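I have placed the structure first, in the form of structure tokens, so that the comments after it can refer back to it.
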Amino acid sequence: QVQLVESGGGLVQAGGSLRLSCAASGRTISSYGMGWFRQAPGKEREIVAAINWVGGRPYYVDSVKGRFTTSRDNAKNTIYLEMNSLKPEDTAVYYCAAASDGFTRMDEKDFHSWGQGTQVTVYS
């Protein structure tokens with residue numbers, strides 16, 4: 001089982017940027033697709049972005065396209081979510097997760113390991 005720890009969340013003004021990191025331990029994530037999810041208060045958790053095992057075929061939910069970029073550094077066993085032009089509606093707890101295979105996955109059921117989440121709050 002891989003352990004995932006997110007960092008980089010915080011409080012930011014609308015229009016600002018944050019970079020989230022997700023560090024893995026316990027085993028390598030180099031053969032797994034990885035994803036970022038978020039859950040806002042009173043809402044269901046949703047996929048934000050996903051990437052395959054080599055960092056290709058990225059997926060982004062429509063609401064973040066052109067603003068968010070996900071990447072990975074397998075040598076560091078870490079993935080990233082670069083978030084620009086942040087909006088108040090991006091406020092949520094952000095989670096990273098490891099998929100069960102190396103493909104780009106978007107369904108929660110295809111992910112087997114989850115981090116504890118990091119809070120992102122965007123104020124106007």
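The values are calculated or read from the model by the stated rules, or taken from the named source; none is laboratory data. Nothing here was measured: the structure is a model prediction, and the numbers come from that model. Here Cβ is always computed from backbone atoms with ideal geometry, including for glycine, and neighbour counts include all displayed protein chains. We work out accessible area using only protein heavy atoms, side chains counted, and drop any ligands, DNA or RNA first. Shrake-Rupley method; radii C 1.70, N 1.55, O 1.52, S 1.80 Å.
Values for this structure:
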quantity: Top positive-direction residue, dipole computed over the chain with Cβ charges, set 75, 102, 113; calculated: 75
quantity: Nearest-0.05 FRET efficiency for residue 14 and residue 54, computed from C-beta distance (R0 35 Å); calculated: 0.55
quantity: FRET efficiency for residue 116 and residue 69, using Cβ-Cβ distance with R0 set to 35 Å, rounded to 0.05; calculated: 0.95
quantity: Most mobile listed residue (14, 50, 97) in the chain, GNM with C-alpha springs under 10 Å; calculated: 14
quantity: Fully extended contour minus Cα-Cα distance, from residue 108 to residue 45, at 0.36 nm per residue; calculated: 21.8 nm
quantity: Karplus (6.51, -1.76, 1.60) ³J(HN,Hα), θ = phi - 60°, over the range 94-104, in Hz, Gly and Pro reported as x; calculated: 9, 10, 9, 8, 9, 6, 7, 9, x, 7, 6
quantity: Portion, in percent, of the accessible area of the range 1-73 that falls on carbon or sulfur, probe 1.4 Å; calculated: 48 percent
